[in-house]
1. If you scan region 123-166, which residues turn out to be closer than 21 Å to Gly182 by Cα and of a type outside the set (Phe, Trp, Tyr)?
2. Output yes when any residue across region 129-152 is among the small types (Gly, Ala, Ser), at pLDDT below 80 and more than 11 Å from the chain's Cα centre (by Cα), and no when none is.
3. Pairs, please: C-beta under 6 Å, at least 6 apart or cross-chain, first residue under 24 Å from Val160 (Cβ atoms) and at pLDDT 95 or above and in region 2-24, second part of a loop (DSSP other than H, G, I, E, B) and charged (D, E, K, R)?
4. What strands (runs of 3 or more DSSP E) lie completely within region 124-183 and have 1 or more residues being in contact (Cβ under 8 Å) with a residue 60 or more places away in the chain, surrounded by 15 or more Cβ atoms within 10 Å (Cβ to Cβ) and among the hydroxyl-bearing types (Ser, Thr, Tyr)?
Amino acid sequence: MAPTTYDLFFTGRDDPRSCVIIGEDVKPVYFCFETSERNLMPNVRTMVYRNNKEVCAKLEWSPGNHLGGATIGNRSLPMSHLVLPGSSTRSFPLFTTCHSAHALLYQQTGHGSSGERIEIIHRRMMYLYAAQNMRIAVFTRITQATAVGPSHGLLQYTFVHDTLLIEALVALCLNRWIDLHGV
């Protein structure tokens, strides 16, 4: 029997660091990524809120919008640990204990060398893998009307674990940011 697939819709700004993510798995799911404008601050900070009030993650960007530090729950780590580079993939350590994997892997569709930057930016799908090359989520850049307004992305996933979902969303944010800005 195939696992149940849950949908999260990306609404608001089409910006990985400033968007609203809404959907439902076994309960309603709502996340908000808010990034402060630079103004007089040397660093940029992205706050991730769950259910519109609880801070569940914080991203501290280094000057020039480079990767800095991440705090997810009570764990702090360099953002680079969430997007370890590979040829066409980026992986990150799995901190939760709900899967037997040691790492999750975001893989983009298509193939190409580092010289094919434009192709990489326009790829529309990323896959999330866990143990034994098991796909547990797919993110698709897609514009569509939803009950909550226009959506610019869809994450479909097959697990129910709050911490894993937050880690996956933060890693997705970083992967999308890197693809857009080439950090």
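The values are calculated or read from the model by the stated rules, or taken from the named source; none is laboratory data. Everything numeric in this text was worked out from a predicted model, so none of it was measured. Glycine also receives a Cβ, built like all others from the backbone with ideal geometry; neighbour counts cover every protein chain displayed.
1. Looking only at region 123-166, we keep the residues that are closer than 21 Å to Gly182 by Cα, and these are 123-128, 139-141, 152-153.
If the condition is that a residue be closer than 21 Å to Gly182 by Cα and of a type outside the set (Phe, Trp, Tyr), then Arg123, Arg124, Met125, Met126, Leu128, Thr140, Arg141, His152, Gly153 are the ones that fit.
2. To start, the set of residues in region 129-152 that are among the small types (Gly, Ala, Ser) comprises 130-131, 137, 145, 147, 149, 151.
Next, only the ones that are at pLDDT below 80 stay: 130-131.
Going one step further and asking which of them are more than 11 Å from the chain's Cα centre (by Cα), we end up with 130-131.
Within region 129-152 (the criterion being among the small types (Gly, Ala, Ser), at pLDDT below 80 and more than 11 Å from the chain's Cα centre (by Cα)), the answer is yes, since at least one residue qualifies.
3. That search, which allows pairs on different chains as well, returns Tyr6/Asp25; Cys19/Arg13.
4. Numbers: elements: 125-129, 135-140, 144-146, 149-157.
Passing ranges, in order: 149-157.
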